[in-house]
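The values are calculated or read from the model by the stated rules, or taken from the named source; none is laboratory data. Note that the coordinates shown come from a computational prediction; the quantities given were computed from them, not determined experimentally. Neighbour counts run over all protein chains shown; Cβ positions are idealised from the backbone, glycine included. These area figures cover heavy atoms from the full protein model, side chains too; ligands, DNA and RNA do not enter into them. Shrake-Rupley method; radii C 1.70, N 1.55, O 1.52, S 1.80 Å.
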Amino acid sequence: MFRKILIGFAVLLLLLVATAAIYLQRVNDYQADGRIDLDILDRPVTVIRDESGVPYIYAQSMDDALRAQGFIAAQDRLSQIEFTKYMSGGRLAELIGPAGLRTDIRHRVVGIPRHGKRHAALLTPEARRSIQYFLDGLNAYIENQVHEHPLGLRLMGIEPTPWTIEDAMTMRYFLHWSSTGNLESELITQALVDRLGAERAAEISQLTINPDAEGSSAFRASPDSWSVAGLRITDPGWFQPLSERFAAGSNQWVFSPGRSTTGAPVLANNPHIDARRLPGIWHPVALITPEFRVVGAAGPGTPGFAVARTSHIAFGVTNSNGDGLDLFIEREDPERPGYYLEGERSLPFETIEETLLVRDRSTGGYREQPLVIRLTRRGPVISDHGMSLEDGRVISMRWAVPETMEPDPGSLPLLRARNVSEAGAAIARIAAYYNYVVADMDGNIAHFTAGSVPIRLRGDGSAPLEVMDGRDAWAGMIPADEMPGAINPARGWVGNANHRTLPADYPYAYSTHFAHSWRYRRMLQLLDKPGKFSPDDHWQFMRDVGNTMAEAIVPLMVPALLAHEDTRELGEILSGWDYVDDPDAVAPTIFHATYRSFARRVFTDELGEELAMRMLQHVYYWQDRLYRMIEANESDWFDDVDTEAIESRDELFYLAALDAVGELSATLGSDPQEWRWGRVHTVTFFSPLIPGEAAASILGAGTHPMFGSTETMNRGKFSFNDPYAATYIDSMRFVADLSDPDKVWAVLAGGVSGRQFDPHLKDQVGPWLSGEPHYLWFSDEAIEAHAQSALLLTP
């Protein structure tokens, strides 16, 4: 009887949940068919949606196409767009209360909203018009379609207001900042110098490698300009990217016609971003006019495209890790409060006073938080906000992006490019630190690098530089035609994985901060094979989870494990591994757990727990360096200074394996044969409203065993400090074959719509997980064949 009652209660609960979901879907719905009057248009626009909900916008002019793009972006993603508006403008605390205050302070100190406002005033009339057309559509939706605003806005307490050019440029600077990745590396280096001294710190500072020039292009930072500063960090957020969710890694490559089975260029791109919050970062869309068409993916609330195929070209994007940011150690004038010194010269700090609003749920209102920002001639004093130095010194920050404001930023000109050459000219005007690969219909392929990188007169950007006098440490920016890149390379393809792409004789201090070389090494293994590849081959390459770091390290690790009875089984499992991070395999679990513990043991005894974990969290900083130490097998860093014995590399491998046994036994049981990688290495696609695994099972797309790892092309990066759930993943997979008139291959880690309960919130997660082909349509015939709805927008 009791069992029947429980079953009846469960059935009733399911009916209630289903009824609520149907109701909420209806109140959270939007118009995809019929007609909407839109008086901002010059002529009617038709929006066709396919089976995945992707909008294909047919307009008679590019002006109307941009207006409609803004309108449809808001229809699909208004909650996401508005949230990003608050975050980029340093107003997150207005939404979420005190938890957002540190992020707001850092964004205001960096100057993201200040720079956005200043740049807006410098735009050419044409650039301003293009942005305004998009905003006109966005604002028309905000003001006129209130009845279909997404449920998420109401739940977050957001009352959307019209966007301005200043808001759009602030968003752009937020994205520029997301591509600026060297701040935390400089702080880590400074902390190492303070702890160890410059010479000892240099032994473990970042090593960056270009595998195309192995050995000759292994770059080591120079300690010549490093100095002890007594840096103390009280806000650990400075060790994280200020906009970590939007910080992009990625793989990209492009093949020439001679290396393609189709006889045309083929371009592939899989941006690695934290895209676990549904529907993901990218909004897929097509703009089609009588003279032009483009299909691809746009960022939230921004006109143009990040990855796309147009009538003339295709392009993809990754982070180049160009270093456009330097930190400086400056000294306050002890004789004059409010002044700082450049040698003997005393100068007043510039001061900016701002007021932040912090949501107070207890009163239903806001409290005010004053913020004072001091600036030297180099830039804002970041050490006033969560860090300090000894002896009256401060750290200021100089960022190249706001020093090189282009009146016509290159993202929209890139869409209009007709060939590789014109694309390169447009990319030269883009401020973000991105790699682009480009192909054109004439069969040309290229790699271009965007972003403003200074010509450094002192230091190499690896650590804060002490200000000794009033001389400028920069001599302008690296000329666009001397930035890293290649056009029609002899090997028939060009690609990158955020690694060091510079030749050994590159004359400038471009960056000391790059991704480890392991993903690109796997790219070389796959793409440098003789023969021609099909679009399907490129699709499968993006899904590859071969681990070249494991391939290099495991043969050195295994003998140390086989030498001991209590780790022999682990050694035997590893010795039979094919170095593929398969979720059903046991060896990846053993390797990653052992290697993680090994790295901790190498560094923690001398750095201390806190600093070691800060450094280890940033895997780019130490991975290639530690491998070189393992390969040489002679570093005194393997010795634990807290013991009387002198430990060797192999002893640390053995001890790390014992650590792994303890860790994995506690979570997965005592049988190593049950330690499948997918049991600990998972990915959770959670609701746009409620994060976390519990809600994801109901409101999101659930938790799944995850393939890959930090080092694989199909990325499953996990936090070193909080293993092993994947955070950075393939946010999108994109393959454009320029011989195919009908489609591009593309799948999202989510969906098109940002509305909870919309079927297009998460309907691409299935093919993303399985790897089955998924497409965006390019030709009119293909779009018509897959049309599911048609919305007419009329002036």
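Looking only at segment 252-275, decide whether some residue is assigned to a loop (DSSP other than H, G, I, E, B), farther than 24 Å from D737 by Cα and within 17 Å of the chain's Cα centre (by Cα). Break it down into steps so the answer makes sense when it comes.
First, the residues of segment 252-275 that are assigned to a loop (DSSP other than H, G, I, E, B): 256, 261-265, 271, 274-275.
Cutting the leftovers down to farther than 24 Å from D737 by Cα gives us 274-275.
The next check asks that each one be within 17 Å of the chain's Cα centre (by Cα); those that pass are 274-275.
Yes, there is a match, as at least one residue in segment 252-275 is assigned to a loop (DSSP other than H, G, I, E, B), farther than 24 Å from D737 by Cα and within 17 Å of the chain's Cα centre (by Cα).
Counting just the residues of segment 310-352 that are under 30 Å from T289 (Cα atoms) and of a type in the set (G, A, S), which one comes out nearest to the chain's Cα centre (by Cα)? Only one residue tops the list, namely G316. Within segment 414-432, the set of residues being assigned to a helix (DSSP H, G or I) and open to solvent by 20 Å² or more (accessible area, probe 1.4 Å) comprises R416, S421, E422, A425. Checked against the criterion of being touching a residue at least 24 places away in the same chain (Cβ under 8 Å) and surrounded by 22 or more Cβ atoms within 10 Å (Cβ to Cβ), the candidates I158, I131 yield just one match: I131. When the residues of segment 120-172 are filtered to those that are touching a Ser or Thr at 6+ places or on another chain (Cβ under 8 Å) and in a loop (DSSP other than H, G, I, E, B), the one that is farthest from T84 (Cα to Cα) is P150.
What's the number of the condition T594 fails, among (1) part of a loop (DSSP other than H, G, I, E, B); (2) of a type in the set (S, T, N, Q); (3) buried (at least 19 other Cβ atoms within 10 Å of the Cβ)? It fails just one condition, (1). Taken over segment 709-750, the residue count meeting the criterion of being polar (S, T, N, Q) and farther than 30 Å from F598 by Cα is 2.
Take S243 and tell me if it is at pLDDT 95 or above, open to solvent by less than 10 Å² (accessible area, probe 1.4 Å), of a type in the set (S, T, N, Q) and touching a Ser or Thr at 6+ places or on another chain (Cβ under 9 Å).
Values: at pLDDT 95 or above: no; open to solvent by less than 10 Å² (accessible area, probe 1.4 Å): yes; of a type in the set (S, T, N, Q): yes; touching a Ser or Thr at 6+ places or on another chain (Cβ under 9 Å): yes.
Spelling it out, it is not the case that S243 is at pLDDT 95 or above, open to solvent by less than 10 Å² (accessible area, probe 1.4 Å), of a type in the set (S, T, N, Q) and touching a Ser or Thr at 6+ places or on another chain (Cβ under 9 Å).
Restricting attention to segment 87-104, the residues being under 20 Å from T234 (Cβ atoms) and surrounded by fewer than 22 Cβ atoms within 10 Å (Cβ to Cβ) number 6.
Let's see how each residue does on (1) aliphatic (A, V, I, L, M); (2) more than 30 Å from F638 (Cβ to Cβ); (3) within 28 Å of the chain's Cα centre (by Cα); (4) modelled with pLDDT of 95 or more:
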site	(1), (2), (3), (4)
P150	no, yes, yes, yes
L155	yes, yes, yes, no
I158	yes, yes, yes, no
D167	no, yes, yes, yes
S179	no, yes, yes, no
L192	yes, no, yes, yes
R195	no, no, no, yes
R200	no, no, no, yes
I204	yes, no, yes, yes
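Determine whether W677 is of a type in the set (F, W, Y), open to solvent by less than 10 Å² (accessible area, probe 1.4 Å) and under 30 Å from T512 (Cα atoms). Answer is no for this residue.
On the stretch given as segment 439-455, residues that are open to solvent by 30 Å² or more (accessible area, probe 1.4 Å) and either at pLDDT below 95 or of a type outside the set (A, V, I, L, M) (or both) total 3.
Look at segment 625-638: where a residue is more than 15 Å from A201 (Cβ to Cβ) and at pLDDT 95 or above and a partner is assigned to a helix (DSSP H, G or I) and open to solvent by less than 40 Å² (accessible area, probe 1.4 Å), sitting 6+ places away or on another chain with Cβ atoms under 6 Å, you get N633/R649; F638/R649; F638/L652. Taking the criterion of being touching a residue at least 24 places away in the same chain (Cβ under 8 Å), assigned to a loop (DSSP other than H, G, I, E, B) and closer than 25 Å to M397 by Cα, the residues of segment 341-375 that qualify are G343, F349.
Could you say which residue among E631, E711 is within 23 Å of F219 (Cβ to Cβ), crowded, with 21+ Cβ neighbours inside 10 Å and not small (G, A, S)? First the steps, then the outcome.
Details: E631 fails: crowded, with 21+ Cβ neighbours inside 10 Å.
None of the others qualify; the one that does is E711.
Could you go through segment 485-492 and let me know if any residue there is assigned to a helix (DSSP H, G or I), open to solvent by 50 Å² or more (accessible area, probe 1.4 Å) and touching a residue at least 40 places away in the same chain (Cβ under 8 Å).
Scanning segment 485-492 turns up no residue that is assigned to a helix (DSSP H, G or I), open to solvent by 50 Å² or more (accessible area, probe 1.4 Å) and touching a residue at least 40 places away in the same chain (Cβ under 8 Å).
Residues in segment 310-336 that are open to solvent by 10 Å² or more (accessible area, probe 1.4 Å) and closer than 21 Å to I48 by Cβ: S311 alone.
Within segment 536-587, the residues that satisfy the criterion of being within 30 Å of V735 (Cα to Cα) and among the acidic types (D, E) are D536, D537, D544, E551, D578, D581, D582, D584.
Please work out which residue is surrounded by the fewest Cβ atoms within 10 Å (Cβ to Cβ), limiting yourself to segment 530-544 and to residues that are charged (D, E, K, R) and part of a helix (DSSP H, G or I). Step by step, filter segment 530-544, then rank; the result is D536. Could you please find all residues in segment 734-757 being charged (D, E, K, R) and surrounded by 21 or more Cβ atoms within 10 Å (Cβ to Cβ)? Passing the criteria: D737, K743, R755.
Taking the criterion of being without any contact (Cβ under 8 Å) to a residue 24 or more places away in the chain and closer than 18 Å to I382 by Cα, the only residue of segment 321-336 that qualifies is D333.
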